[in-house]
Amino acid sequence: MVQKLLQSKIILLVGMMGVGKTSLGRIIAKKLHLPFLDSDREIEKMTGFSISDLFARYGEKEFRAGEERVMKRLLSGGPCVLSSGGGAFLSEKTRQIATEKSISVWIKAEADVISGRTEGRTHRPLVPAADNKRVIERLVRECYPLYAQADITVPSYNEHPAKTASRLLRELEKRSIISPNIPTKNPTTHKGKS
């Protein structure tokens, strides 16, 4: 099956931590034969520190300023699937660049789904394990109005990422961002007359 990007833009995945942006991004990139980038991994490669360490060393304000610079660089690159950190799209500057350079897709999950996926994980700097559910509910109230500015919204349920990826691909097809899923032709063999 063949699909390709019809617009020379980046497919930018946005949304809260734990909604599956990285897993989805890898699946979508593979299906579309595009490079996959994860903004958090790019920040970690560039600095040599984990996201949690950067928050602890420099605080959220300084981290967000650096994240804006990284997002500007990544959004200025060629077509790819880009998974962004949970707070990246909350920056007005990043949203403005994303509007010009990308098709932004909000991977939207309910608070209880996010809470279940992130519970007990210690590498989420904004969500202390002891207060997981309450903090996520607050972040949902604060962040969802900004995520809603994305070009497309795709719901994420408690399911295998491949199912969410299928919904995302159908949405991209519907909006003529990618080509329809066209079966590749199998060569036929012709037998000559004897």
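The values are calculated or read from the model by the stated rules, or taken from the named source; none is laboratory data. Predicted, not measured: the structure shown is a model, and the values here were computed from it. Here the Cβ positions follow ideal geometry from the backbone for every residue, glycine too, while neighbour counts run over all protein chains shown.
Points worth noting:
- Failed criterion for Ser83 (all others in (1) buried (at least 24 other Cβ atoms within 10 Å of the Cβ); (2) at pLDDT below 95; (3) not charged (D, E, K, R) hold): (2)
- Some residue of the range 10-18 being more than 30 Å from Val135 (Cα to Cα) and at pLDDT 95 or above: yes
- Selection count, the range 8-34, where residues are of a type outside the set (A, V, I, L, M, F, W, C), outside any loop (DSSP other than H, G, I, E, B) and within 11 Å of the chain's Cα centre (by Cα): 5
- Verdict on Glu44 being within 21 Å of Leu139 (Cβ to Cβ) and acidic (Asp, Glu): no
- Scanning the range 7-64 for residues that are more than 21 Å from Arg170 (Cα to Cα), charged (D, E, K, R) and surrounded by fewer than 20 Cβ atoms within 10 Å (Cβ to Cβ) yields Arg41, Glu42, Glu44, Lys45, Asp53, Arg57, Glu60, Lys61, Glu62, Arg64.
- For the range 101-128, the set of residues classified as modelled with pLDDT under 95 and assigned to a helix (DSSP H, G or I) consists of Ala111, Asp112, Val113, Ile114, Ser115, Gly116, Arg117, Thr118, listed by residue number.
- The range 35-77: number of residues that are touching a residue at least 60 places away in the same chain (Cβ under 8 Å), in a loop (DSSP other than H, G, I, E, B) and under 15 Å from Ile97 (Cα atoms): 1
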